[in-house]
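Read through the structure below, which is laid out as structure tokens, and then see the notes.
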Amino acid sequence: MAPADSAAEYTHHGHKHPYHLVDPSVWPAVGAAAAGALFIGAVWYMHEGSWWLMALGFVGIAVTMVGWWRDVIREATFEGYHTPIVQIGMRYGMALFIASEVMFFVAWFWAYFNAGLFPPAAIESQWPPPGIVTFDPWDLPFLNTLILLMSGVTVTWAHHALKEGNRRHVLQGLGLTIGLGILFTCVQAYEYSHAAFAFSDGIYPSTFFMATGFHGFHVLVGTIFLIVCFFRAYKDHFKPDHHFGFEAAAWYWHFVDVVWLFLFCCIYLWGAGPNPGGH
């Protein structure tokens with residue numbers, strides 16, 4: 001490609017460069033204020049205060065996400081600011097975001113293995129601690145493993161269909177992935193409701209619920225991410241060569257899949273103990 005043609009490819013809306021100089025936005029300030037209100041309100045509520053500040057912060061965060069992501073979608077889809085060079089930067093950003101999420105899970109795994117490999121005398125040097133009846137890993141946890149693995153297949157199918165320009169298969173693959181994500185959340189909620197231990201029953205329940213619950217939260221976020229992608233695909237926002245929003249959602253969903261495999265092997269299988277499920 002000639003230099004002039006290359007420059008024309010990266011020129012958008014009269015700009016003579018391929019970069020996106022972001023316009024001033026109110027959303028970072030609104031989001032920071034809402035997050036502060038949410039966390040301060042949550043602490044206040046937990047100390048027998050009122051719930052209104054926490055609710056206000058939650059609503060503010062929801063409004064921020066809708067408004068900010070609406071602006072990003074407009075810039076990417078209709079205004080042409082997400083040039084190939086801009087998309088490279090966004091891919092690096094998404095990769096670093098996922099890396100930061102990995103470190104969150106490292107903290108929960110670290111706490112779990114620290115107690116499991118070196119159980120203190122307070123729990124009679126046993127893991128799981130005495131009196132803890134763990135889940136049978138080959139019951140609901142295994143079912144959820146199959147659900148998430150299947151969802152990884154369907155989102156990959158949708159991604160390949162998008163690259164091939166097959167919009168019908170994109171919607172079918174996304175619809176199946178969303179349904180499997182919702183099913184996973186329902187199964188996990190049912191599992192939690194039948195747990196033989198509570199969060200405050202010691203080190204095993206607290207590390208179990210923090211690790212699996214934090215993952216469940218990520219499944220919920222990923223499902224919402226995919227729902228947004230479904231409606232964007234329905235409106236034909238994605239093109240075979242321009243679909244970073246979908247690509248980011250697929251990366252995030254595969255990350256959720258991989259983390260669950262570690263959770264299943266380390267917490268449900270390794271940490272099941274000699275008498276899982278009380279049988």
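Values computed for the structure shown
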| quantity | calculated |
| --- | --- |
| Accessible area in square angstrom per residue, segment 178-279, 1.4 angstrom probe | 45 |
| Tail beyond 21 Å, pair distance distribution of segment 176-260 (Cα, percent) | 40 |
| Size of charge dipole - the chain - debye, nearest 20, with Cβ of Lys, Arg +1 and Asp, Glu -1, no other charges | 540 |
| Candidate residues 70, 232: accessible-area rank, largest first, probe 1.4 Å | 70, 232 |
| Per residue solvent-accessible surface (Å²) - segment 56-121, probe of 1.4 Å | 61 |
| Paired Rg and Dmax values of the chain, which use every Cα atom, in angstrom | 22.5, 74 |
| Zone residues, segment 22-51, relative to residue 63, backbone N less than 15 Å from point 7 Å out along Cα-to-Cβ | 26-38 |
| Taking segment 143-213 and dividing mean pair separation by its residue count, relative contact order in percent (alpha carbons under 8 Å, at least six apart) | 29 |
| Where 268, 92, 45 fall by accessible area, highest first, once all protein chains stay in place (1.4 Å) | 92, 45, 268 |
| Rounded tilt (10° steps) of 244-263 against the dominant C-alpha axis of the chain | 10 |
| Percentage relative contact order, the chain, counting C-alpha pairs under 8 Å, at least six apart | 19 |
| Heavy-atom accessible surface of the chain: percent carbon and sulfur, 1.4 Å | 71 |
| Segment residue 97-residue 192, length gained on full extension (0.36 nm per residue, minus Cα span) | 31.4 nm |
| Segment 57-145 shape via C-alpha gyration tensor axes, a/c threshold 1.5 | prolate |
| Solvent-accessible area of residue 200 with every protein chain in place, 1.4 Å probe, in Å² to the nearest 10 | 100 |
| Cα-based Rg and Dmax for segment 10-105, where Dmax is the largest Cα-Cα distance (Å) | 17.8, 58 |
| Candidate residues 72, 26: accessible-area rank, largest first, probe 1.4 Å | 26, 72 |
| Per-pair calculated FRET efficiency, R0 = 45 Å: residue 85 and residue 200 via Cβ, rounded to 0.05 | 0.30 |
| For segment 119-235, size of Cβ-based charge dipole, Lys and Arg +1, Asp and Glu -1, in debye | 900 |
| Percentage relative contact order, segment 27-173, counting C-alpha pairs under 8 Å, at least six apart | 11 |
| Positive dipole terminus of the chain, leading residue within 17, 193, 110 (C-beta point charges) | 17 |
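The values are calculated or read from the model by the stated rules, or taken from the named source; none is laboratory data. Quick caveat, the model's predicted, so the values are computed rather than measured. All Cβ positions, glycine included, derive from the backbone under ideal geometry; neighbour counts span all protein chains shown. Side chains are part of the model used for accessible areas, which takes the heavy atoms of the whole protein and leaves out ligands, DNA and RNA. Shrake-Rupley method; radii C 1.70, N 1.55, O 1.52, S 1.80 Å.
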